[in-house]
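One structure is given here, and the rest of the page talks about it.
The values are calculated or read from the model by the stated rules, or taken from the named source; none is laboratory data. Note that the structure is predicted; figures quoted are calculated from it, not measured. Here the Cβ is made from the backbone with ideal geometry for all residues, glycine too, and neighbour counts use every protein chain on show. Note: areas computed on protein heavy atoms with side chains; ligands, DNA, RNA excluded. Shrake-Rupley method; radii C 1.70, N 1.55, O 1.52, S 1.80 Å.
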Amino acid sequence: MIIVHHLENSRSQRVLWLLEELGVPYEIRFYKRDPRTMQAPPELRKIHPLGKSPIITEGDVTLAESGAIIEYLLDEHDKGHLRPPAGTPEYRSFIYWLHYAEGSAMPPLVMKLIFGMLPSRVPFLLRPFASLIAKGVQTQLLDPEIKRHTAFWEESLTQTGWFAGDSFSAADIQMSFPLEAASARTGAVRHLPHVGAFLRRIHARPAWRRALERGGPYAYAAT
């Protein structure tokens with residue numbers, strides 16, 4: 001049995017969705033964030049040394065990192081429906097988007113979240129200075145970078161509406177998180193029709209809905 005170590009408001013939601021798409025039985029072990037720091041609880045470090053989510057266990061296998069988990073689950077449980085055939089242009093796109101999501105798209109979004117929280121996390125007398133620094137970093141560095149990424153997504157989705165070929169794949173599951181996060185945290189996708197259409201299509205998928213029901217309420221703006 002696959003066990004998903006599911007931290008609230010975390011990227012492990014994508015793993016639940018993938019398992020629902022694959023129709024593979026799984027169990028969920030729920031973990032709560034520290035209400036003060038919003039960090040994962042120390043119990044997760046008993047599963048994996050870094051104590052980050054997502055983590056899955058299956059038998060003697062313990063695996064972290066979204067992309068690695070997706071590749072493992074496809075290798076073990078997919079019948080060829082959620083990954084293009086190896087050696088094709090679609091497969092090369094699939095591999096690119098699978099790793100781009102965490103390697104390039106998420107860092108500026110995470111940094112924007114951190115700098116947005118910064119003023120409230122420093123001593124009261126320092127907050128005006130922290131606010132100026134945070135605003136400067138966001139407007140001068142992070143917002144232009146995020147805008148480049150969101151424009152890239154919009155252009156990439158104009159051809160087929162999916163990220164890796166003309167049909168839904170696990171690359172779309174992986175890419176869902178940065179698109180959802182950008183929409184929730186920055187409103188950056190508000191005027192991008194193809195990105196908006198992509199989000200509506202994935203939200204309409206029964207497996208996405210089942211994963212949300214099992215994983216519980218989700219706040220992209222808090223992760």
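Pairs under 6 Å by beta carbon, first residue in contact (Cβ under 8 Å) with a residue 24 or more places away in the chain in segment 192-203, partner assigned to a helix (DSSP H, G or I) and open to solvent by 20 Å² or more (accessible area, probe 1.4 Å), six or more apart or different chains?
LEU192/GLU154; HIS194/GLU154; VAL195/GLU154; ILE202/TRP208
Condition (residue is at pLDDT 95 or above, over 19 Å from ALA171 (Cα atoms), open to solvent by 50 Å² or more (accessible area, probe 1.4 Å) and not in a loop (DSSP other than H, G, I, E, B)) applied to segment 15-27: is it met by at least one residue?
Yes, some residue in segment 15-27 is at pLDDT 95 or above, over 19 Å from ALA171 (Cα atoms), open to solvent by 50 Å² or more (accessible area, probe 1.4 Å) and not in a loop (DSSP other than H, G, I, E, B).
Within segment 142-154, can one find any residue that is part of a helix (DSSP H, G or I), open to solvent by 60 Å² or more (accessible area, probe 1.4 Å), modelled with pLDDT of 90 or more and of a type in the set (Lys, Arg)?
Yes, segment 142-154 contains at least one residue that is part of a helix (DSSP H, G or I), open to solvent by 60 Å² or more (accessible area, probe 1.4 Å), modelled with pLDDT of 90 or more and of a type in the set (Lys, Arg).
Of a type in the set (Ser, Thr, Tyr) and free of Cβ contacts under 8 Å to residues at least 40 places away in the same chain: which single residue out of THR62, THR57 fits that description?
THR62
Give me the pairs: first residue in segment 125-144 and over 27 Å from VAL189 (Cα atoms) and assigned by the TED database to the domain that holds LEU113, second residue part of a helix (DSSP H, G or I) and basic (Lys, Arg), beta-carbon distance under 9 Å, and six or more apart or on different chains, which are they?
ALA130/ARG121
On the given criteria, is ASP75 assigned to a loop (DSSP other than H, G, I, E, B), of a type in the set (D, E, K, R) and exposed (fewer than 12 other Cβ atoms within 10 Å of the Cβ)?
The answer is no for ASP75.
From the set of residues in segment 82-116 that are open to solvent by 60 Å² or more (accessible area, probe 1.4 Å) and under 14 Å from ARG185 (Cα atoms), which is modelled with the lowest pLDDT?
The qualifying residue modelled with the lowest pLDDT is ILE114.
For segment 38-60, enumerate the residues that are under 20 Å from the mean Cα position of the chain (by Cα) and open to solvent by 30 Å² or more (accessible area, probe 1.4 Å).
Correct list: MET38, GLN39, HIS48, LEU50, LYS52.
If we keep just the residues of segment 1-14 that are of a type outside the set (A, V, I, L, M, F, W, C) and assigned to a strand (DSSP E or B), which is surrounded by the most Cβ atoms within 10 Å (Cβ to Cβ)?
Out of the qualifying residues, it is HIS5.
I'm checking my understanding of the structure. Among residues of segment 155-188 that are among the small types (Gly, Ala, Ser), within 22 Å of PRO108 (Cβ to Cβ) and touching a His at 6+ places or on another chain (Cβ under 9 Å), which one is least open to solvent (accessible area, probe 1.4 Å)?
Filtering first and then ranking leaves ALA182.
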